[in-house]
Amino acid sequence: MTRYLFRLGLTLSAGFISLLFAHAQRVQGTVAQLDSGWSLPNGAGPTSHIRLRGDQSVQPRTARHARLTPIWVVDGGDAYGRVSTYWTGWEGNGGDRAEYWLLNVYKSGPQQVGAKVGDSWSGNDIFRGRLWNEQYFSWQTRRAELSLYVANAPMPTLLGSPTPNTNLAAYDADADASNGIQIDKYANPSINLSWTTGSTNAFRDRIYNNPRVVGLNSYVYDTLASPHRDVVFLWGELFIDSTSVQTSASSGVTWNAFDSTTTYGIGPSGNVYNLDLSSYAIGTTVTVQVQVYFKHDAWYRNDYVLGSSTVTAATLTQQFQVVPEPASLLALGVGLVGLYARRARKR
């Protein structure tokens, strides 16, 4: 008898976690300076999107400054608190007329940085803008905008449950699945039980709709890969009558930070166990079970493992009965003996 139990709770749990934190990923900034002409349309936080907007007709030989420091991740993230931060800036006047700094880089291009809840950034040029009128007599309009957006890091899930399998049916004495598996202990005093976890695909989504500033109050939305590494494994455990007797090696795949691949195949792993039937009484029913586990190592950036989880991905349960010889062959043997006896009497 064979029973399959597929555990889809992993995908459901990850989805639940995503829903739980989808509204909560936020950063907070401290306003160190905010001269006239500069504003924070979304406030300094907590918010998922800090905008520092500069737009003013600046009087001659005058500069208008704005900066936030420190800035830190307040809450949200995946199950391990991991987030993606996206730092972008724009200036509309060229030269030193309108300037900005992001993470200590002058007029930086877009920067995606992996972070976790509690991480912070500080310094004069972490998130800073400057509007400068170099003219001596005329007022000049200067414009710049800085943006910091935070999103949850995606979690890997299984696209489908693996299908564990064994070669137990190969030892069925009468090769008739309708009456279950029967193994003749005299013909097979021990069996080499081969088992495998099966294979499946693992999926890690991208991060969508990340705003990148391209003009004053103007944004485009980028799709980004996770800035963190994720490593996932499949491995199995064999149980005989509820007792663990063997495990398999693991097979796994790795997403490095900024890997935009969404789907990787995870190959099967397995083992061979020698099951001695000599101690089993005739008529005993033996239960064989293969448990398949899905393990996830969640890294912080590419630096270190921040946390791990293991869940059951699938379960295969099979049973067989220990027999001296299968009932069908026994009946055939009795019939042949009777036929031979009748023929002998006729002679």
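The values are calculated or read from the model by the stated rules, or taken from the named source; none is laboratory data. Computed from a predicted model, the values in this text were never measured in an experiment. Glycine gets a Cβ as well: all are built from the backbone with ideal geometry, and neighbour counts include every protein chain shown.
Here are the numbers:
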{"item": "Criterion (buried (at least 22 other Cβ atoms within 10 Å of the Cβ) and either touching a strand residue (DSSP E or B) at 6+ places or on another chain (Cβ under 8 Å) or among the aromatic types (Phe, Trp, Tyr) (or both)) met by exactly one of LEU148, LEU103, LEU159, LEU168", "result": "LEU148"}
{"item": "Filter result for TRP235 (over 30 Å from VAL113 (Cβ atoms) and in contact with a helix residue (DSSP H, G or I) (Cβ under 9 Å, 6 or more places away or on another chain))", "result": "no"}
{"item": "Answer residue from segment 219-236, given it is among the hydroxyl-bearing types (Ser, Thr, Tyr) and touching a residue at least 40 places away in the same chain (Cβ under 8 Å) and is surrounded by the most Cβ atoms within 10 Å (Cβ to Cβ) among those", "result": "SER226"}
{"item": "Where TYR293 falls short, out of the listed (1) over 23 Å from the mean Cα position of the chain (by Cα); (2) closer than 30 Å to GLY81 by Cα; (3) of a type in the set (Ser, Thr, Tyr)", "result": "(1)"}
{"item": "Hits in segment 126-172 (condition: part of a loop (DSSP other than H, G, I, E, B) and β-branched (Val, Ile, Thr))", "result": "ILE126, THR163"}
{"item": "Lone unmet requirement of (1) assigned by TED's automatic domain parsing to the domain that holds ARG26; (2) assigned to a strand (DSSP E or B); (3) in contact with a Gly (Cβ under 9 Å, 6 or more places away or on another chain); (4) within 28 Å of HIS296 (Cα to Cα) for GLY114", "result": "(3)"}
{"item": "Yes/no for SER328 being modelled with pLDDT under 95 and among the hydroxyl-bearing types (Ser, Thr, Tyr)", "result": "yes"}
{"item": "Qualifying residue in segment 138-154 (condition: modelled with pLDDT under 95 and either outside the structural domain of GLN319 (by TED's automatic domain parsing) or among the charged types (D, E, K, R) (or both))", "result": "no"}
{"item": "Long-range neighbours under 6 Å by Cβ, at least six apart or interchain, first residue within 18 Å of GLU99 (Cβ to Cβ) and touching a residue at least 12 places away in the same chain (Cβ under 8 Å) within segment 60-72, second aromatic (Phe, Trp, Tyr) and in a strand (DSSP E or B)", "result": "ALA63/TRP132; ALA66/TRP38; LEU68/PHE127"}
{"item": "Candidate set from segment 266-286 (those that are aliphatic (A, V, I, L, M) and part of a loop (DSSP other than H, G, I, E, B)); member that is surrounded by the most Cβ atoms within 10 Å (Cβ to Cβ)", "result": "LEU277"}
{"item": "Residue tally, condition modelled with pLDDT of 95 or more, assigned to a loop (DSSP other than H, G, I, E, B) and surrounded by fewer than 20 Cβ atoms within 10 Å (Cβ to Cβ), over segment 237-262", "result": "9"}
